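Derivation of every value follows stated rules applied to the coordinates shown; laboratory data play no part. Because the structure is predicted, anything quoted here is derived from the model rather than measured. As a convention, Cβ positions derive from the backbone with ideal geometry for all residues, glycine included, and neighbour counts pool all protein chains shown.
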Amino acid sequence: MSLTVLRVNAAEPTLPALRDELLAMVEVDQASRKAMVSNKDVDGPHLKRLQEVVVQYGWPTFAMVGEDGGHAAWLLAQHADRDIRFQRKVLALMEPLLAQGQAALKDYAYLYDRTHDPQRYATQGLCISREQWQPFETEDPAGLAERRKVAGLSSLDEYVKQMNGICADGYLPGSSVLQFRKAQLSEGEDVVVATDGIVVAGETVQTPEELMKLLAARQILKIRVKTASNQVHYTTIGKIIYGAQRAGILVTFVK
């Protein structure tokens, strides 16, 4: 894919209130991640609000919210891993805006790699030791340097050196990380927990243990857990979380 990115003259955004809202949401997003606390109460509401924005306005362009507002919207989408279908919808909305100078190819590159295997720009990878980071499989290695240059990314060597710095604290066994990658790229299934059973993929089971067996049989690696009643006992949810963690299944909660 060849893209020409045009520069546009800076101007006051046409939707300044939306710009301010997006920037405020990103402040919360970043504070949550830097504090190393759970993001489930951050990413869920942010995803819902970003979906509402897209329905109302389409993808927030630079003309609407400024370059910083557009970057903020992208970062929220980048962190919306619980809904890869929405992330890919964002990519489709961003793509025609690139040549108009209304979205950033660099942002597009990160989100493309987040949602595709093989990736295109080598921005996503894993720590293969406590000293070395390695990108996931990347298409057309011969053209990678040029693609990164066009997207405004550093050289791969420089990027790998930068990413090596996260491996001392971020190293996990390669198989676990590769399973996470596979789970991240899957669409996942909704799991509805009620007082009379647990429903997933059109089937009903009675216990978290039976749920784990069904997920394994169906090779489901990502689930979105919903409760159908306030009377669902917290121990049931706890067992689902524990079982999912042991099985390497990504689990998020949806209100």
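In table form, for the structure just shown:
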{"quantity": "Average Cα contact separation per residue, region 121-172, under 8 Å, 6 or more apart, as relative contact order %", "calculated": "47 percent"}
{"quantity": "Cross-link partners of Lys149 among lysines (Cα-Cα below 23 Å; sequence separation of 8 or more within a chain)", "calculated": "Lys106, Lys161"}
{"quantity": "Residue-wise HN-Hα coupling along region 220-237, computed from phi with Karplus coefficients 6.51, -1.76, 1.60 (Hz; x: Gly, Pro)", "calculated": "8, 10, 9, 10, 10, 8, 10, 9, 8, 7, 5, 8, 5, 6, 5, 5, 5, 4"}
{"quantity": "For Met94, Met25, order by how many other beta-carbon atoms lie within 10 Å, fewest first", "calculated": "Met25, Met94"}
{"quantity": "Whichever lysines have a C-alpha closer than 22 Å to that of Lys239, once near sequence neighbours (fewer than 8 apart) are set aside", "calculated": "Lys40, Lys213, Lys222, Lys226, Lys255"}
{"quantity": "Hits among aspartates and glutamates - C-alpha to C-alpha of Lys182 under 16 Å, sequence gap 8 or more where chains match", "calculated": "Asp81, Asp83, Asp113, Asp117, Glu137"}
{"quantity": "Nonlocal amide H pairs with Thr204, under 5 Å, H built at 1.01 Å", "calculated": "none"}
{"quantity": "Cα-based helix-to-principal-axis angle, 208-218 vs the chain, degrees rounded to 10", "calculated": "50 degrees"}
{"quantity": "Potential extension, Gln132-Glu95 segment - 0.36 nm per residue separation minus Cα distance", "calculated": "10.1 nm"}
{"quantity": "For region 188-253, with +1 on Lys and Arg beta carbons and -1 on Asp and Glu, the positive-most of Met212, Gly248, Val225 along the dipole", "calculated": "Gly248"}
{"quantity": "Calculated FRET efficiency for the pair Ala31/Tyr57, C-beta based, R₀ 22 Å, to 0.05", "calculated": "0.30"}
{"quantity": "For Ala194, residues with placed amide H under 5 Å, excluding near neighbours", "calculated": "Val199, Ala228"}
{"quantity": "Mean separation of Cα contacts under 8 Å (6+ apart) over length of the chain, as relative contact order %", "calculated": "14 percent"}
{"quantity": "Residues Lys161 and Val232, FRET efficiency given R0 of 41 Å [Cβ-Cβ distance, rounded to 0.05]", "calculated": "0.30"}
{"quantity": "Ranking of Thr61, Thr195 by count of other Cβ atoms within 10 Å, fewest first", "calculated": "Thr195, Thr61"}
{"quantity": "With at most 12 other Cβ atoms within 10 Å, longest stretch of the chain clear of loop GluC sites (Glu not before Pro) (DSSP)", "calculated": "1-130"}
{"quantity": "Principal-axis tilt of helix 105-115 within the chain, Cα atoms, nearest 10 degrees", "calculated": "20 degrees"}
{"quantity": "Cut-off under 5 Å, modelled amide H: who pairs with Gly101 long-range", "calculated": "Leu6"}
{"quantity": "Charge context of Ala24, other residues only, Cβ under 14 angstrom, K/R +1, D/E -1", "calculated": "-3"}
{"quantity": "Counted charge near Asn164, where neighbours are those whose Cβ lies closer than 15 Å (Asp, Glu -1; Lys, Arg +1)", "calculated": "-2"}
